[in-house]
Every structure is written in structure tokens, then in C-alpha cells.
Amino acid sequence: MNGAWVNKKNMESQIKTSSEALLEKALESLRRTEILQRDWMIWGVDCVYRHVEGVDGDWLEKWGEDEGDEEPAPVAGGS
């Protein structure tokens, strides 16, 4: 019976740790969102240069070049 109690306690600890990790991830996302929103108010559209890497690069010209590496998206069937 003692082993079952230890196992339950361990499982509760894992759930708590998982919940804490999810909460921390959500809070970090909120912080980043607030920073982006603040920068948008200060810099306007130019805030993209502060938050996105390679904005001035050739990403638009290369758009779709490496799509062959991806798995095709599933097609939803109608009823």
C-alpha cells in the first residue's frame, strides 16, 4: 500500500510541475505580446525590424522553394 501512495504522490508532483511549466510558458507569451504591442505603439510598422529576423532578406523570392520537403496537408472529406 505504501508503494501506491508514493506513486500517487509522484504523479501529483509531475502534474503540478507540468501545470507550472504551462503557466510559465503562457506568462512568457503574454510578456512578449505586451512588448510587441508597446513597440507597435512607439515604432508603428517599423517595429517589425525589432522583432523579426531577416525582414529585408530575400524570403519573399524564395517563398515556396522548400515546400517539397513538407508532408502534404490532409484533405477533409465531406459527408
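Applying Stokes-Einstein at 37 °C and 0.692 mPa s to the Kirkwood radius of segment 16-55, computed over alpha-carbon pairs, gives a translational diffusion coefficient of 287 µm² s⁻¹.
How long is the gain from Lys16 to Val52 if the chain were fully straight, where each residue apart is worth 0.36 nm and the alpha carbon distance is subtracted? Display every interim value, and only then the final one.
Values: separation 36, 0.36 × 36 = 12.96 nm, distance 3.41 nm.
The Lys16-Val52 span can extend by a further 9.6 nm.
None of the figures in this text is laboratory data; all of them are computed from the coordinates on show. Here the structure is a predicted model, which is why all the values come from computation and not from measurement.
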